Amino acid sequence: MPNRSVAFSGKKKKKQLQAKREKKQTVLCEGRGFPRSQNSKAPVVSEAILAKVQEGIDNPASESANYLEDILTINQQPGGRGNVNRYNLKFRKQTPEEIEKRKALHYAPIKLLGEEELELETEFFFPPGLDYPMRPEWKKNMSKQELDRNENKHFRLFCEKLDKDFADKDLSLYELNLETWRQLWRVTEMSDILLIIVDARFPVSQFPPYLYYRLVEEANKGIILVLNKCDLIPPSVIVAWEHYFHNKFPKLLVVPFSSMEGYGHRRGMLRMAAEGSLRLVDACEKLIHGSVDLTSWKEKIEEERNIDNEMNQECEAEEVSDIVINTRPEHHERYKDGVLTIGTIGYPNVGKSSLINALMGKKVVSVSRTPGHTKHFQTIFLTQNVKLCDCPGLVFPSTVSMHLQVLFGSFPIAQVRDPIGAVNYVAARLDIPSILKLQHSEVQNETASDTSWTAFYICEAWAMKRGYYTRRKGAPDVSRSANEILRLCLNGHKSLVLFIRPPSYTQNKGDYENDPRAEEIRQIQGVHAAVHEPSVEFPNHACR
Ligand SMILES: Nc1nc2c(ncn2[C@@H]2O[C@H](COP(=O)(O)OP(=O)(O)OP(=O)(O)O)[C@@H](O)[C@H]2O)c(=O)[nH]1
């Protein structure tokens, strides 16, 4: 008789599945070289492994990912309005090895860096020789296909060269979508003045010097560096940055700005950021030498200044500007038809759209906490003879670390595969446990030999404080917690404000604090300056 298969009970099946799951987990854990200790929930990592990990992080060239293949795939997508993904931000993918190495740092004891170690300058992020892709030579009679082919080839060669020339450096993720670069080319071509908008917390990591040389020295454009979000940092740091940029880039005008100055006390109210706007008009006047009359812009600001707070306008989206998708090259005619065209350039999430709304005194472009929200450039008339042109956020080639990219918002937090690693980066620079008033889970454990903070413990403590637990095992949900810590930092939560300083800031801090400019900056910061306010309470969104 043929063998009949034995009936498999539900209980047996359950046991079998459980054994399979356990086996898989052991393999995963061992694969990472993280044996688990008896007392601690966190894996233990030996000094030797940590040293190796650090070595790998310091020298990532050995793990260079072949992202050049991606470029072809990205830029061969069908164009047109139909393809919604055509304008998405695109970066190379991280290799699994890179991710694994970073993960080991979750369990390394954290050592806080000194304030001087947060003093950084341009060259740290933009080593000499770095550049951005320029529009290749073109002729007026070229067909669309010819232009397209030419630009695609030029861009691919640019990326290949960058990859080769900087093989020994840890180049960060930069924009691989040619369509976005085309928009930059078009915006720079059509503008008389360019506003390079940076997050005042990280200015030198978002201001590529090659952009300055190309635009000012070669294309003879006027450029203004806007230190946006200046409400998030002390005025003395802004004063120090102004000195730094004036000395290093003599033709650059620097304007501190806070788009939040335009927000009223009541929710949903928006008005013009008048103080910042006035500084901007002054800077524009210096650059155009009377070629366009800016009186109407100034009058508009004065009018707005005199409006009572109670008369603030409702924060509703008004008629939206002219969205321009045509990026075909054209020769620039200065102050065409007596209109001053001001282009805005910057990394994603630096607040370009907010700045335009704050200049307008009403919501004309939509704002989002998600980077890459603006997909194609739009033009808006500020007054009859001043036109703004908002370019989508662009990530320029640099050596900015992945973690910093996450913290200033050029890489979406939702796509971060290692949020705890990014928390480790913040924790080395900000005392998270005391800012968030965290309690180490091992403090109560008498057998625990070490109660140093690690990124893992920070995320665990925050998860417990907020009541975030995983559904299946009921363990503290460290990923969710890490995500939230990063968001607090990105949005400049009043106490979690990470910012860099210019060289010698700490040494000359007193002078910057007493500089008369500091008072002027306080006015631009408006009522929302985080730096003067006490820490806030968190609303409790606990969920089990
Ligand atoms: N504290 C503070 N937050 C700001 C300021 N300006 C913008 N933000 C916030 O920064 C985030 C991004 O603002 P957006 O204006 O959408 O930035 P964007 O540069 O247009 O972003 P992309 O569309 O990705 O290019 C939003 O959450 C804004 O509320 C500012 O001056 N101060």
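Any read-out appearing in this document is the output of simple, stated calculations on the displayed coordinates, not a laboratory observation. What you are looking at is a predicted structure, and each value in this text was computed from that prediction instead of being measured. Here Cβ is always computed from backbone atoms with ideal geometry, including for glycine, and neighbour counts include all displayed protein chains.
Give me the one-decimal nm value for the distance between modelled label points at Arg487 and Gln523, 7 Å along each residue's Cα-to-Cβ direction.
Going by the 7 Å Cα→Cβ label model, 3.7 nm.
List the residues whose amide H sits under 5 Å from the amide H of Leu253, counting only those 5 or more places along or on another chain, with H placed 1.01 Å from N in the peptide plane.
For Leu253, the qualifying residues are Ile223, Leu225.
Which far-off residues, 5 or more places away or on another chain, put their amide H under 5 Å from the one on Leu340, with H placed in the peptide plane?
Val386, Lys387
Could you tell me what fraction of 2.2 N^0.38 Å the Cα radius of gyration of region 336-482 comes to, as a two-decimal ratio?
Values: Rg = 21.5 Å, N = 147, 2.2 N^0.38 = 14.7 Å.
My calculation over the Cα atoms of region 336-482 gives 1.47.
Could you check the simple spin-label distance between Ile99 and Glu189, using points 7 Å along Cα→Cβ, in nm with one decimal?
4.0 nm
Quick check: pseudo-label points 7 Å beyond the Cα along Cα→Cβ at Arg156 and Glu513, how many nm apart are they?
5.8 nm
For a quick check: with amide H placed at 1.01 Å from N, whose amide H comes under 5 Å from Asp477's, ignoring anything fewer than 5 positions away on the same chain?
Answer set, sorted by chain and number: Tyr468, Tyr469, Thr470.
R0 = 51 Å: FRET efficiency of Arg471 with Thr506, Cβ-based, nearest 0.05?
On the way: r = 46 Å, r/R0 = 0.91.
The pair Arg471/Thr506 has a calculated efficiency of 0.65.
Quick one: divide the alpha-carbon radius of gyration of region 95-241 by 2.2 N^0.38 Å and tell me what you get. Numbers along the way, then the final one.
Working: Rg = 19.2 Å, N = 147, 2.2 N^0.38 = 14.7 Å.
Ratio of Rg to 2.2 N^0.38 Å for region 95-241: 1.31.
Enumerate the calculated ³J(HN,Hα) couplings along region 135-141 in order (Karplus 6.51 cos²θ - 1.76 cosθ + 1.60, θ = phi - 60°), each rounded to whole Hz, writing x wherever the residue is Gly or Pro.
6, x, 3, 9, 10, 4, 8
Quick check: from the Cα gyration tensor, does region 141-197 come out rounded (a/c under 1.5), prolate or oblate? Provide the component values of the computation, followed by the final result.
Details: a/c = 2.85, a/b = 1.24, b/c = 2.29.
Oblate, since a/c reaches 1.5 and b/c is not below a/b.
What are the ³J(HN,Hα) couplings of region 450-460, residue after residue, when phi is run through the Karplus curve with 6.51, -1.76, 1.60 and θ = phi - 60°? Round to Hz, x for glycine and proline.
Karplus values, whole Hz, x for Gly and Pro: 9, 10, 5, 7, 10, 4, 4, 5, 4, 5, 5.
Taking the highest mean first, how do the peptides 340-348, 429-437, 249-257 order by number of other beta carbon atoms within 10 angstrom per residue? Numbers along the way, then the final one.
Working: 340-348: 24.9, 429-437: 16.4, 249-257: 19.0.
The densest-packed peptide leads the list: 340-348, 249-257, 429-437.
From the backbone phi of region 427-438, what are the Karplus-calculated ³J(HN,Hα) couplings (6.51 cos²θ - 1.76 cosθ + 1.60, θ = phi - 60°) in whole Hz, Gly and Pro given as x?
Calculated HN-Hα couplings, in order: 5, 6, 10, 10, 7, 4, x, 7, 5, 8, 6, 8 Hz.
Evaluate the relative contact order of region 374-436 (contact order divided by residue number), counting alpha-carbon pairs under 8 angstrom at least 6 apart; express in whole percent.
On the way: 36 pairs, mean separation 12.0, N = 63.
Relative contact order here is 19 percent.
Distance check, please: which entries in Lys229/Lys286; Lys101/Lys465; Lys248/Lys363 exceed 26 angstrom between their Cα atoms? Let's see the in-between values first.
Values: Lys229/Lys286 24 Å; Lys101/Lys465 28 Å; Lys248/Lys363 35 Å.
From the list (Lys229/Lys286; Lys101/Lys465; Lys248/Lys363), the Cα-Cα distance tops 26 Å for Lys101/Lys465; Lys248/Lys363.
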